[in-house]
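Here is the structure we will look at.
None of the figures in this text is laboratory data; all of them are computed from the coordinates on show. For clarity, every value in this text was computed on a predicted model and none was experimentally measured. Cβ: placed from backbone, ideal geometry, glycine included. Neighbour counts: every protein chain shown.
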Amino acid sequence: MKQLKTGDIANVRKQLCAKQKYLCPICGSSIAGGEVHLDHCHDTGQIRAALCKVCNRNEGKVKYAMRYMAIKGHAVWKNPIGWLRALADYLEYHNSNPSGLIHPTFDAATGKQKPKKRTIKKRTKK
């Protein structure tokens, strides 16, 4: 394994873009002439690919949110990739609404989630 120097990043980014046919491997959008990020693992430093700005930013946010919001020992911590695959399968399966039920906070007429009703607490004078 070779550790890059900061000055090598531009060349490696160009090589990866060409190898990927100038497509983001996550969303498939063109990364030719756009803002390209050299994606790497923050745990190991290993370079993965050249990503578009949006995918690079969201990959980091998703991973951070998964770990930040999970309890240690949960599947999110033990196997984050497996958990994401399971989540994708779950969402895909339930996209057809196999239960046939609609949650009461959803307005079927507008096709939108109903706004939350806020309760305002009155302040008491001391």
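Quick look at the numbers
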item: Residue of HIS74, HIS37, HIS103 that the Gaussian network model of the chain assigns the largest fluctuation, springs spanning Cα pairs under 10 Å; result: HIS103
item: Placed amide H near ILE31: partners under 5 Å, 5+ positions off or other chain; result: LEU23, CYS24
item: Pairwise FRET efficiency - ASN97 versus LEU23, Cβ, R0 = 30 Å, nearest 0.05; result: 0.35
item: The chain: calculated mean residue ellipticity at 222 nm from DSSP helix runs of at least 4, using -39500 (n - 2.57); result: -11500 deg cm²/dmol
item: Three semi-axes of the equivalent ellipsoid, the stretch 6-94, Cα gyration tensor, whole Å, largest first; result: 28, 16, 10
item: Which of LEU51, LEU84, THR105, positive extreme of dipole for the stretch 16-117 (C-beta unit charges); result: THR105
item: Total charge dipole magnitude, the chain, about the Cα centre, Cβ charges on Lys, Arg, Asp, Glu only, Debye to nearest 20; result: 1180 debye
